[in-house]
Amino acid sequence: MRHLNATAKHNARLALRENWGKAIAMVLLLLAVTVLFNLVESLLAIFFHLPGFVDILSTPGYYLDNIPNGTLPSLAVTGICALCAFLVLAPLSLGVTNWYYRLIYGHTEDFASIFTFFESLSQLRKALWLKFQLGLRGTLWGIFFLAPGSVLCFMGSHLISADATRLDHVMAAIGITIGVFSGIVGLALTWIVCNRYFLAPYLICDDRSMKVSKAIRLSVQATRGRKTQLALFQFSFFWWYLASLLMIPFLYLSPYLNASLAIYARYFIEREGLGQACETEEPSASQSTAE
């Protein structure tokens, strides 16, 4: 596995050697679209006089009691902006995935190819349905694994009151501690289990006629017993994630990670014989991925 990880990262750098400009432009475009929708939401909130938070205890100098504005107008503005962002970012991000997947096969396409899933209504619908299905499954798994820790934290916090005894405080501390630990474990388990859907976007990019349900089913089958391996590969970029708290390292990490994951996906797809064979130009950047 260590050899495969090193090979994927090495070949990712080779594939990007003459394509860094396009890759960074894609990162900036996705960020710009995200910021644009956030800005529109903020402007609408200002226009309709919708505060982002509500001071439930009327303590202007104390902010810990502030909660997000859950009024119907605020939720409507947030929901509409989120829906519009999803309609744009879902097919756009899948187009970026398609660009990287073809790149590691030796096909260097134009920057405009990332808009490929906007070309027809059927492709747009497929991209939206895929992203919705993956998001829904990830949410459900997250609820399943995070529910125990959330319940323990909730119960522990309610044991603390003005008339709470020393035993109540001890039980609350134990419950919250176990709940936080369970939450951390739950996040890790959610991350690992959601890797069962890792190949679905690449399978759609490999065969544009494939149904979303089939892509998800094949991904689950192909990653059985390998989800932890995928998670460890993603975790190997940990220090890059930390460095990316600054903007400039992120401009390097995002293309590097996307290309590495595309090579990993190609390895699994070819190993399982799932996708159509791309016409390869035999570039040095991808020769050893399926070996």
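The values are calculated or read from the model by the stated rules, or taken from the named source; none is laboratory data. Here the structure is a predicted model, which means the values were calculated and not measured. FYI the Cβ positions are ideal-geometry reconstructions off the backbone, even for glycines, and counts take in every protein chain you see.
For residue 17, the requirement of being modelled with pLDDT under 95, under 24 Å from residue 248 (Cα atoms) and loosely packed, with under 14 Cβ neighbours inside 10 Å is met. Every listed requirement among (1) under 30 Å from residue 17 (Cβ atoms); (2) outside any helix (DSSP H, G or I); (3) in contact with a helix residue (DSSP H, G or I) (Cβ under 6 Å, 6 or more places away or on another chain) is met by residue 117 save one, (2). For the range 205-217, the set of residues classified as farther than 19 Å from residue 102 by Cα and out of contact with any helix residue (DSSP H, G or I) (no Cβ under 6 Å at 6 or more places or on another chain) consists of 211, 213, 214, 217, listed by residue number.
Filtering the range 139-169 to residues that are at pLDDT 90 or above, among the small types (Gly, Ala, Ser) and either touching a Phe, Trp or Tyr at 6+ places or on another chain (Cβ under 8 Å) or exposed (fewer than 13 other Cβ atoms within 10 Å of the Cβ) (or both) leaves only 149.
Determine, yes or no, whether residue 224 is outside any helix (DSSP H, G or I), out of contact with any Asp or Glu (no Cβ under 6 Å at 6 or more places or on another chain) and either crowded, with 20+ Cβ neighbours inside 10 Å or not small (Gly, Ala, Ser) (or both). Lay out the reasoning, then the answer.
On the way: outside any helix (DSSP H, G or I): yes; out of contact with any Asp or Glu (no Cβ under 6 Å at 6 or more places or on another chain): yes; either crowded, with 20+ Cβ neighbours inside 10 Å or not small (Gly, Ala, Ser) (or both): yes.
When the stated conditions are applied, residue 224 passes them.
Take the conditions among the small types (Gly, Ala, Ser), over 15 Å from residue 252 (Cβ atoms) and modelled with pLDDT under 95 and apply them to residue 32. Does it pass? In short, no. Inspect all residues belonging to the range 234-256 and state whether any of them is among the polar types (S, T, N, Q), surrounded by 19 or more Cβ atoms within 10 Å (Cβ to Cβ), at pLDDT below 95 and assigned to a loop (DSSP other than H, G, I, E, B). No: zero hits.
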